Amino acid sequence: MAQVLVFLLSAATAQAAGLESGPVSDDPIWTDKPVRIDRKAQAYERLAVEPIVLPLRLHPTARVTVFDSASFADGGRLYVLTDAVPVDPKRFCRDADGTVAVCGQQARIALRRLVAGKSLTCAEDIRFSGVSFLTCSAGGRDLAETLVATGAASAATPRLAGTQEDAMRRKTGIWIDAECRALGRCPPGRRR
């Protein structure tokens, strides 16, 4: 009795939805033997497969090699932060009162402190043979944004331009140098 009621209810629902009842086919949906399929004869819509990009997890050791304020190597691979322009590690910055600071080394050390022994969550923007350009965060903080905010790097993308302007106003990191502030970037080192 319950089966008949379910059948009548489903038929009434299908009819109310505008579906027509039709003959039932005895053709099997699945085959028990392999069948060659001609894709040209099929009218099925083909959907492009979108690749699933999982975040890259990096765990640089305490012995990570940091080259400047935007690149480091670990495990035989070179990683470069996409949104940060590095400061030359040999750069000296001069304050308005003449005080000299080793801002290039300080910037390199700032990146080392952010990555050494930490767990990084990265998105790989571009990969060449042995180099990966990344956007990384550690503990929920974007590395490039942190470096630009502390004056350890310049903004490479418009996304961090406001952060760089704020660091310049505060005269932090490389922005203690009057020449860097005037140009909006630190010029390359001069040979003597």
Quick one: work out Rg over Rh on the C-alpha atoms of segment 126-192, Rh as Kirkwood radius. 1.05
On average over all directions, what projected area in square nanometres does segment 121-162 have, based on the convex hull of its Cα atoms? 3.5
Which trypsin sites (Lys or Arg not before Pro) in segment 33-85 pass both tests, a DSSP loop state and at most 13 other beta-carbon atoms within 10 Å? ARG36, ARG46, ARG63
Cα-based equivalent ellipsoid, segment 33-77: semi-axes from gyration tensor eigenvalues, Å: 50, 13, 9
For segment 51-121, with the dipole built from +1 on Lys and Arg beta-carbon atoms and -1 on Asp and Glu ones, taken about the Cα centre, which of THR121, VAL87, SER71 lies farthest toward the positive end? THR121
Find the Cα radius of gyration of segment 56-183, compare it with 2.2 N^0.38 Å by division, and give the number to two decimals. 1.03
Determine the gain in length on full extension of the stretch GLN42-ASP125; use 0.36 nm per residue of separation and subtract their C-alpha separation, reporting nm with one decimal. 26.1 nm
Scan segment 79-170 for chymotrypsin sites (Phe, Trp or Tyr not before Pro) in coil per DSSP, keeping those whose Cβ has at most 15 other Cβ atoms within 10 Å, and list them by number. PHE92, PHE128
Under 5 Å between amide hydrogens, which residues at least 5 positions from ASP74 or on another chain qualify, with H placed 1.01 Å from N in the peptide plane? TYR79
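Each reported figure results from applying straightforward, stated rules to the coordinates on display, with no laboratory input. Worth saying up front: this structure is predicted, and the values here are computed from it rather than measured. A quick note on method: Cβ atoms are made from the backbone with ideal geometry, for glycine too, and the neighbour counts reach across all protein chains shown.
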